[in-house]
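Student: Before we start, here is the structure in question, set down as structure tokens.
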Amino acid sequence: MKNNIGLKNNVLKLKAPAKINLHLEILGDRNDGFHELAMMMQSIDLYDILSFEEFSENNIVFNSDSKMITNTDDNLIIKAAKLLKKYCNVLDKGIKIDLKKCIPIGAGLAGGSADAAATLIGCNKVWELGLSIKELEILSAQLGSDIPFCLKGGRQLCFGRGEILEQLETYNKNLAIILVKDRNLSISTPWAYKEYKKKYRLNYLTNEVEFEYRRFNLRNFDFNKIINKDGYSIRNDLQCIVTKEYKQIETTIKFLRNLPNSIDSSMSGSGPSCFALFEDINYAKETYNNNLKEFDDLNLDAWCCSLLNNGVKSL
């Protein structure tokens, strides 16, 4: 893997960025019980910070500043470290991991997946295992569908369950978003997919030829058509399900779409996070600052974020 990640005073600090969906299309059912997807995912500069330090005993010691995150075996960070230990047969290795949580939990922003990706990279470096990013991608798919994307990040097409990646060329634009999340709302991803399936199953594609045709269309889609407002909008198939059940999401999306200089707005993943897309970070910052009271009145936490060309990297 690229070695632009280094230890300082025997401690490795990594930034794990959140992601949004610039396209989420549900194609049909898979034999493994998941949905076949066609997505465009994008890293943003809202980060969790993880610190890694080798531990003399063969334990995984985890601490976080968030009381919502446990240090039990269902924690993706601990799962990732244990998986790497087993895969590389380094059961005698130990690690101390500290997490500063900035990405909101349960928000459709892949915060847990980003942390797991950072853990694989961090443990790989601290334990001097020498695995490539590609090897880590293959391994990470055992933990979750978004984790392979989070390793390299940037802007990528994601197929299958989300673990089959195709890197996209960097757009030469200073794109940015205003990201918001209702403070009191969380949405179950399995619920959203289940409800979508109930309503649209008869429209599902049923074979690989049809799947590949949709993938071809996404590969060849010009995202500038959205930026230039040429009659195209950001697609998120789950949005129609979620907005029907949670009217505040529909209200939020309309509010974001009507912000000055907003190109388009959408829900990210299964929500509840939503975002407005801007052509320029300066427009986004100005609009963000001018609407702080409105965000608060709508019970929204809000961030102004640039779009990134990277995933996990050194602090």
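The values are calculated or read from the model by the stated rules, or taken from the named source; none is laboratory data. Please read these numbers as outputs of a predicted model, since none were measured by experiment. No Cβ is skipped: glycine too gets one built from the backbone with ideal geometry, and neighbour counts run over all protein chains shown. The protein model used for the area step is the full one, side chains on, heavy atoms only, and it has no ligands, DNA or RNA in it. Shrake-Rupley method; radii C 1.70, N 1.55, O 1.52, S 1.80 Å.
Student: For the stretch 138-159, give me each residue that is aliphatic (A, V, I, L, M) and over 20 Å from ASP29 (Cβ atoms).
Tutor: Once the filter is applied, which keeps residues that are aliphatic (A, V, I, L, M) and over 20 Å from ASP29 (Cβ atoms), the stretch 138-159 yields ILE138, LEU139, LEU143, ILE147, LEU151, LEU157.
Student: Here is a list of conditions, (1) open to solvent by 60 Å² or more (accessible area, probe 1.4 Å); (2) in a helix (DSSP H, G or I), and ALA284 meets all of them except one; can you say which number that is?
Tutor: Just one mismatch for ALA284, condition (1).
Student: Looking only at the stretch 257-281, count how many residues are open to solvent by 30 Å² or more (accessible area, probe 1.4 Å) and touching a residue at least 12 places away in the same chain (Cβ under 8 Å).
Tutor: Looking only at that region, the number is 5.
Student: Can SER306 be described as among the small types (Gly, Ala, Ser), closer than 17 Å to ASN21 by Cα and open to solvent by 20 Å² or more (accessible area, probe 1.4 Å)?
Tutor: In short, yes.
Student: Let me ask another. Would you please name the residue that is farthest from the chain's Cα centre (by Cα), looking only at residues in the stretch 72-120 that are among the basic types (Lys, Arg) and assigned to a loop (DSSP other than H, G, I, E, B)?
Tutor: LYS93
Student: Right, next: Looking for whichever is basic (Lys, Arg) and over 30 Å from ASN184 (Cβ atoms) here; the options are LYS82, LYS67, LYS101. Which one fits?
Tutor: On inspection, the qualifying residue turns out to be LYS82.
Student: For the stretch 81-108, how many residues meet the condition of being more than 24 Å from ASN10 (Cβ to Cβ) and buried (at least 18 other Cβ atoms within 10 Å of the Cβ)?
Tutor: Residues that pass the stated criteria total 5.
Student: Between residues in the stretch 145-158 that are under 21 Å from ASP222 (Cα atoms) and residues that are in a helix (DSSP H, G or I), which pairs lie under 6 Å by C-beta distance while being six or more apart or on different chains?
Tutor: Final answer for the pair search is GLN156/PHE149; CYS158/PHE149.
Student: State the number of residues belonging to the stretch 124-159 that are under 16 Å from the mean Cα position of the chain (by Cα) and open to solvent by less than 10 Å² (accessible area, probe 1.4 Å).
Tutor: Final tally of qualifying residues: 12.
Student: May I pose another question? Taking the stretch 279-300 as the region of interest, how many residues are within 30 Å of ALA118 (Cβ to Cβ) and in contact with a Ser or Thr (Cβ under 9 Å, 6 or more places away or on another chain)?
Tutor: 3
Student: Taking only pairs six or more apart or across chains, which ones have beta-carbon atoms under 6 Å, a first residue in the stretch 32-56 that is closer than 22 Å to ILE164 by Cβ and modelled with pLDDT under 95, and a second residue that is buried (at least 16 other Cβ atoms within 10 Å of the Cβ) and not polar (S, T, N, Q)?
Tutor: If the second residue must be buried (at least 16 other Cβ atoms within 10 Å of the Cβ) and not polar (S, T, N, Q), the pairs left are PHE34/ARG161.
Student: Here's something else I'd like to know. Tell me yes or no: at least one residue of the stretch 205-220 is open to solvent by 20 Å² or more (accessible area, probe 1.4 Å) and within 22 Å of ILE44 (Cα to Cα).
Tutor: yes
Student: Under 9 Å between Cβ atoms, which residue pairs at least 6 apart in sequence (or on different chains) link something in the stretch 79-91 that is without any contact (Cβ under 8 Å) to a residue 24 or more places away in the chain with a partner that is open to solvent by 90 Å² or more (accessible area, probe 1.4 Å) and of a type in the set (Gly, Ala, Ser)?
Tutor: Short answer, once both residue conditions are applied: none.
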